[in-house]
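Quick note: the coordinates plus some simple rules give every number you see, no bench work behind them. Computed from a predicted structure; not experimentally measured. Heads up, the Cβs are rebuilt from the backbone with ideal geometry, glycines too, and the neighbour counts pull from every protein chain shown.
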Amino acid sequence: MDFRVLGSFGGDSPDCRMTSFLVDGEVVVDAGAITRALTISEQQKIRHVLISHTHMDHTATLPFLIENIFGTHPEPVSIYCAKQVMGAVRRHLFNNDTWPDFTRIPDHVEPSVRFQEVVAEEPFTISGLPSGDLEITAIPVNHIVPTTAFLLRQGSSAVIFTSDTGPTERVWKVANETPNLKAVITECSFPNRMQAVADISLHLTPQALAVELEKLKREVPVLIYHFKPPHLDELRAELAATAMNHEIAELVQDRTYSF
Ligand SMILES: [Zn+2]
Ligand SMILES: [Zn+2]
C-alpha cells in the first residue's frame, strides 16, 4: 500500500500540516491538509475520504476538496465515517451556513458528495485501487469526541491508524491479533508537563504513550504523529529520552511509505 503523509500534526503552522494521509492516490484518511499538500489534479483523483472524527485538524480542508473536485467526475465522492461523526459533519460543516450542503448539489438525486456510514468493527472494501482492494475496519478509541481508529488491509499488509486517543484498549487488542501488521500509527500531542491538558482532552504525552505501548505485544514499527506545533522540540526531546518497549519513529510529513 502506497501511504503518503500529507500532514502529520495536530495543529497548523507553515511547517506543520494537519492530519491527512493519501492511500494509493485515491483514498484519503482524514482531511486536515488535502488541499494544502496536493495539486488540483491530484485532488481530482480522490474518490474516497475516511474521517476519524470531527475535530478541525482532521476535517479542515474537506470543504475545499469538495469544491476543487466539483463537477469533475460522474460519481459522487464518498465520505466514510461513524454515524455520530457523520451527524456532526453534516450539522456543523455542510450545513449551508459554514459551507454548502454538497449532498444536495447539484441536486439530491445526483449529488457531488455521498456519506457512507461506517459501523464499528464491520469491515468494508474499496475496490479497484492501483495496489488492489483496500479493506477498512473502524475501531472506536477514547477521544473527547466520538472517534474511530482505522485498520487498513490490502493484499498481504495491514496498517493501523489509531487517530487521536487517550488511553484505550480495543485498538491494541486488534493490533495484537491482526496478521501481517506492517505499522501502527499512533499519537503523541503534549509534553509531559502538560499531562493534565492531555488527560482532559484525551490525548497522549510521551510518558502516557510508553504505558499504551505496553499493550502492544508484538514487534511492529510504531510511527508517531499529532505533535502540537508549539511543542515540537520538547516532544522530540522527551520521546528520545523516554524508555519504551518498542522502537518508535516520528511519522514524516511528505514522505510516502510502502506498507
Ligand atoms: Zn487531532
Ligand atoms: Zn481530535
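A few notes on this one:
- Label positions at E177 and Q195, each projected 7 Å from the Cα along the C-beta direction, are separated by 3.2 nm.
- For the chain, built as a Gaussian network whose Cα springs stay under 10 Å, the top-fluctuating residue of A175, A31, A196: A196
- Each part reduced to its alpha carbon centroid, segment 83-110 and segment 1-67 end up 18 Å apart.
- Two-decimal Rg to Rh for segment 173-259 - Kirkwood Rh, Cα set: 0.96
- Order of C81, C16 under a 10 Å beta carbon neighbour criterion, fewest first: C16, C81
- Segments 89-97, 197-205 sorted - mean Cβ within 10 Å per residue, highest first: 197-205, 89-97
- Lysine pairs with alpha-carbon atoms under 24 Å apart, segment 2-258, spacing 8 or more or separate chains: 6
- Angle in degrees between helix 232-241 and the longest Cα principal axis of the chain, rounded to the nearest 10: 40
- For segment 105-259, dividing the convex hull volume of the Cα atoms by the residue count gives 151 Å³ per residue.
- Within segment 2-258, percent of DSSP bridges classed antiparallel, to nearest 5: 50
- P(r) histogram, all alpha-carbon pairs of segment 2-258 included - 5 Å bins from 0, percent: 1, 6, 14, 18, 20, 17, 11, 7, 3, 1, 0, 0
- For segment 1-60, the percent of C-alpha pairs falling in each 10 Å distance bin, counted from 0 to the bin holding the largest distance, reads 27, 58, 15.
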